[in-house]
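The values are calculated or read from the model by the stated rules, or taken from the named source; none is laboratory data. In this text, all values refer to a predicted model and were calculated from it rather than measured experimentally. So basically every Cβ, Gly included, is an ideal-geometry build from the backbone, and we count neighbours across all protein chains shown.
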Amino acid sequence: MKTNLWENYENEKGKEVEDFCKSYKEFLSNNKTERECTSFAVKMAEKNGFKPLEKLIKENKKLNAGDKVYAVNMDKNVVLFVVGKRPFSEGLNIVGAHIDSPRLDLKAKPLYECQGFCLLDTHYYGGIKKYQWTACPLALHGVVIKKDGTKLDFVVGENDDCVVGISDLLPHLERGEKKENVKGEDLNIIAGNKPDTKAKESKFKSFILNVLKQKGIDEEDFFSAEIEAVPAGKARDFGLDKSMVIGYGQDDRVCAYTTLKAIMETKTPENTAVCLLVDKEEIGSVGATGIHSKYFENTVAEVMNLCGQYDELNLRRALQNSNMLSSDVTAGVDPNYLAVFNPETDAHLAKGISFNKFTGSYGKAGANDANPEFIAKLRNCLDAKKVSYQATEMGKVDQGGGGTIAYIMAKFGMNVIDAGVPVLNMHAPWEITSKVDIYEAFRCYVEFFKMKN
Ligand code: MN
Ligand code: MN
């Protein structure tokens, strides 16, 4: 069995881990939606010399090895490139993570009044255990687009302002009702309990409408808005030994952040390096900003064009000859729920980045099964730099399973493997990771971007 990495982390490296995770926690605390993550990525890219693709196309700018480019799709999906020395047709080195996380979305007509309360109706997004979202402070993050196109950022519940939340049933009256039985339709956020004394009817809703009005929002504007209820508060150190991080949305922002940091370190690689941050993974990678969309393919074509290398056949070759890490979290063995794990073959916290050769469930159904030839190349690359990794599965056979974007990218004919950080209580409002795994994931992505295809 692999050793706990802290055993080998001498002081110097321990300090690097702490520094890295300090910025990571800040990122997690401040970026709780796919839009916020996209704009974080853009700011970091700009600061590090990446240029916006749209502008380069307008100027018909010629790109060369070492040039850095980024492209943004609908403010929810972003792709970054560092152009390599070798032709695109020899393949790209792609690391792809998702920046959407499970949450509660406000409905398009969310406001209503009941028993002296004003409430906000929600529709949950992704795989949640519904009872976990009750009786905890929630924040609202999102945008409202006015009819004239004006975009209003809407964030409530961070810093020292108010929070909102969903009430839970008291145990005294729980007879016959199980906590686990919370229904999706019952996930209603309590927004207020104060009447608008000037209003003739719907006094409680009217009070909240006045609050919203001060922010420039009318009731009809919720139709053209995307507002997500997420756990309120900051990411923090976890454990008396501070060895772990607890925070919202670490699936999959832990991989998104480490990938972003890794591409910032990448200078004129052999093969073009690509950091791909996608939306909608938690609901099947559908839609224009999910990886099923043509956006990624189109964007590669545009970048190849600016490098003077685009034609249809070259594009096909570039995609087919690529290597990819589908960087997404996996389940860490949990001492409280040992029954569902096989500790011999599943991932452990503090034992390095985890590689799942295959995901899927019930006889590998739906799995991308990575090729051993590709895995051998990765082992060679990572062992040379002493990156700590573990070869894992997710849970006992026939216990369940999961999917990532791996199988979708594999459709191009490229080599893909799942690689990510092990997590405890994945998809809960607060998820737990190990600091050393976060750092090893970053080191893994740095080396992968340098790898000769
Ligand atoms: Mn994920
Ligand atoms: Mn997930």
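Annotations for the structure displayed:
- Odd one out for S167, checked against (1) modelled with pLDDT of 95 or more; (2) outside any loop (DSSP other than H, G, I, E, B); (3) more than 30 Å from F442 (Cα to Cα): (2)
- Per the conditions (1) under 24 Å from A428 (Cα atoms); (2) of a type in the set (G, A, S); (3) not assigned by TED's automatic domain parsing to the domain that holds V286, the sole criterion not satisfied by G96 is (3).
- Scanning the range 435-453 for residues that are closer than 26 Å to R86 by Cβ and buried (at least 24 other Cβ atoms within 10 Å of the Cβ) turns up A441, F442, C444, Y445, F448, F449.
- Being more than 15 Å from ligand 2 (Cβ to nearest atom) and touching a residue at least 12 places away in the same chain (Cβ under 8 Å) holds for only one residue in N415, N356, and it is N415.
- Considering residues of the range 95-104 that are over 18 Å from P137 (Cβ atoms) and in contact with a strand residue (DSSP E or B) (Cβ under 6 Å, 6 or more places away or on another chain) only, the residue nearest to ligand 1 (Cβ to nearest atom): H98
- Breaking point among (1) within 16 Å of ligand 2 (Cβ to nearest atom); (2) touching a helix residue (DSSP H, G or I) at 6+ places or on another chain (Cβ under 8 Å); (3) part of a loop (DSSP other than H, G, I, E, B); (4) of a type outside the set (S, T, N, Q), for D196: (1)
- Any hit, the range 116-127, residues being out of contact with any Phe, Trp or Tyr (no Cβ under 7 Å at 6 or more places or on another chain), over 29 Å from V42 (Cα atoms) and either β-branched (V, I, T) or not assigned by TED's automatic domain parsing to the domain that holds A225 (or both): yes
- In the range 287-335, the residues that are touching a Cys at 6+ places or on another chain (Cβ under 9 Å) and away from ligand 2 (no atom under 16 Å from the Cβ): L325
- Residue check, L140 within 21 Å of D221 (Cα to Cα), exposed (fewer than 15 other Cβ atoms within 10 Å of the Cβ) and touching a residue at least 40 places away in the same chain (Cβ under 8 Å): no
- Filtered residues of the range 254-283 (kept if farther than 20 Å from L319 by Cα and in contact with a Leu (Cβ under 6 Å, 6 or more places away or on another chain)): A256
- Selection of first residues in the range 395-412 that are over 13 Å from F358 (Cα atoms) and of second residues that are more than 15 Å from ligand 2 (Cβ to nearest atom) and of a type in the set (K, R), restricted to Cβ pairs under 9 Å at least 6 apart or on distinct chains, gives the following pairs, ordered by first then second residue: F412/R316.
- Residues being farther than 20 Å from F40 by Cβ, within 16 Å of ligand 2 (Cβ to nearest atom) and of a type outside the set (S, T, Y) - total across the range 264-286: 3
- Within the range 417-453, if we keep just the residues that are aliphatic (A, V, I, L, M) and assigned to a helix (DSSP H, G or I), the residue that is farthest from Q132 (Cα to Cα) turns out to be V446.
- Within the range 417-434, considering residues that are crowded, with 21+ Cβ neighbours inside 10 Å and of a type in the set (A, V, I, L, M, F, W, C), the one farthest from A235 (Cα to Cα): I417
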